[in-house]
1. State, in square angstrom and to the nearest 100, the accessible area buried between chains B and A, both chains counted, probe radius 1.4 Å.
2. With just the Cα atoms defining each centre, how far is the range B:95-150 from the range B:358-418? Give it in Å.
3. Below 15 angstrom from the Cβ of residue A:1, what's the summed charge of the other residues (Lys, Arg +1; Asp, Glu -1)?
4. Take every residue in peptide B:213-222, count the Cβ atoms of other chains within 10 Å of its Cβ, and give the average of those counts.
5. Can you show me the helix-derived [θ] at 222 nm for chain A, built from DSSP H runs with n ≥ 4 at -39,500 (n - 2.57) apiece and divided by the number of residues, rounded to the nearest 500.
6. Quick one: grab the alpha carbon gyration tensor of the protein assembly as shown, order the square roots of its eigenvalues as a ≥ b ≥ c, and give me rounded if a/c is under 1.5, else prolate or oblate depending on whether a/b is larger than b/c.
7. What whole-number value in Å² describes the accessible area per residue of the range B:74-213 for a 1.4 Å probe?
8. Antiparallel versus total DSSP beta bridges in the range B:1-129: what percent is that, nearest 5?
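The values are calculated or read from the model by the stated rules, or taken from the named source; none is laboratory data. Small disclaimer: the values here were computed from a predicted structure and weren't measured. Cβ coordinates were reconstructed from backbone atoms using ideal geometry, including for glycine residues, and neighbour counts include every protein chain displayed. Ligands, DNA and RNA are excluded from the accessible area calculation, which covers all protein heavy atoms including side chains. Shrake-Rupley method; radii C 1.70, N 1.55, O 1.52, S 1.80 Å.
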Amino acid sequence: MIFQGKAHKVGDHIDTDAIIPARFLVTTDPEELGKHCLSGLEENFIQKVAKGDILVGGKNFGCGSSREHAPLAILGAGIPVVIAHSFARIFYRNGFNMGLLLLEVGEEVEKISEGDELKIDTQRGEIEIVNKQLKIKVNPVPEFMQKIINAGGLINFAQARIKGA
Amino acid sequence: MGKTLAEKILQAHTQEEITGPGQIVQVKVDKVLANDITAPLAIESFKKMGATRVFAKDRVILVCDHFTPNKDIKSAEQVKKVREFAAAQEILHYYEGGEAGVEHALLPELGLVGPGEIVVGADSHTCTYGGLGAFATGLGSTDIAYAMAFGETWFKVPETILVKVRGKLNPFVTAKDIILKLIGLIGVDGALYRVLEFQGEVIELLDIEGRLTIANMAIEAGGKAGLFAADEKTLAYTREKGREDKPLFPDKEARYEQVVEIDANGLQPVVACPHLPENVKEVEEVKGIKIDQVVIGSCTNGRISDLRQAAEVLRGKKVAKGVRLIILPATPNIFKQALKEGLLEIFLEAGAVVGPPTCGPCLGGHMGILAGGERCLATTNRNFKGRMGSLESEVYLSSAYVAAASALTGVITHPKDI
């Protein structure tokens, strides 16, 4: 798949309270959650984001609570991909399960600046910084995780297992 | 090959042979947990998966503790969803109202978790049960739905960091100070994807409540779990809760990714300053900082030993004018015990607000939300920006001793100065 959008940079240790403050956890509706995405970081953050834009974080993105509402809020805000130096593990699993593409690139993340035009090719495992004519290589996920991706996420994977049983 | 505690527990739950860190294994789980915020999403995912029955109605645990007593219509609707699911699935361990307490204080108390078990919970502080020697970790709602349906999940076998705590604890230095000190040393991502295993003479002497406090905050260093061996103390604790468990120790030749040593002799009471749990300073370095609110409670420090520490400091004294001291015993049993021991009277005489067991203010839910410019010292686990309310508010983290002492003076205070 190809994703293309503008980069919005955030810092290190962006926690799930910043992604979606707990007071908004009284719903499970992604669109509703999306309206408040990153409001724990900056009140009106989401207003500068266009559908299809890409979030670029630093170290330990998504640390804190296990709330799956966090990847849901990001997806609900129209952001299909997060690139980061590293991800907190519960968030990583959640994003993965929800169909939010998460790309862990380590120090390479420094090459991306606010407002850069990014093009992501999942087949080739590549992030292209279009305006800088730079490319960042992305490591493939472990085999078992790829099986879940191929099934179309954990819900579909479970569905197939239940039907098969 | 020698195995760490994590590898031993994982091995006991899988058919595959565990060869070392990095390997992905499918494991059986013993208990599956969710709360009033995460269960509704898990239930939705469970239904979307086409699942009809939970894998075992006595192994799925649902605790409504975050926004309870229900703070508004929407949270009441969420709890209703959980209640109806529990009834339909005939879930044995459903807790609400006067039976509910903060989940990670409640489950050990009820004997629902113990050494050698794998516990997965849709709450990041599920790692608390590592204090009893359980491989316990937080997962998101959909992973929990999968575990509810199949009684299984997958894990990447983690690297383990060995934390050795040597020496002897100084007066007013607690388990909370040990774990904050560690997070200050290794950082909020210092244990990312890894397990923290705790050893050393201080750990051996530490009571179970202290071990639960330390394990609870493993996630604050990014850890997958915080593990303690199950020794005589653990077995005595779980026996008292009606369980018969076996001791559990790591192999002598276990391989650790790194060893972190903490010398307790040099350890003083500490606080974590805004806005990350790694911003740890000695109380002496920040004393005098003005506070508006103090919260004593939560899955980290809302147990009877914490309330005893608070009472020791507050006895016969008054909370400073202009400071709100909120004390939330973490479970109904802790509440009753505090009543029996006369602790609640000490709190009320001091001018504290004593509230029901709830996660409430810890996550900025209710029962103690901060306005812009306000500052709170809490015995909770996270001080992220806006965690307890306004984005312009601040949270400091400490033990119950420091929290109580500071409530009396209105500024961050070392309990020895009271």
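1. Using a 1.4 Å probe, the pair buries roughly 4000 Å².
2. Taking the Cα centre of each part, the range B:95-150 and the range B:358-418 sit 25 Å apart.
3. Counting the neighbours of residue A:1, the net charge comes to -1.
4. 2
5. Only helices count here, giving -7500 deg cm²/dmol.
6. Working: a/c = 1.45, a/b = 1.28, b/c = 1.13.
Since a/c stays below 1.5, the shape of the protein assembly as shown is classed as rounded.
7. Details: 3690 Å² over 140 residues.
With the other protein chains kept in place, the range B:74-213 gives 26 Å² per residue.
8. Values: 0 of 10 bridges.
Restricted to the range B:1-129, the bridges split so that about 0 percent are antiparallel.
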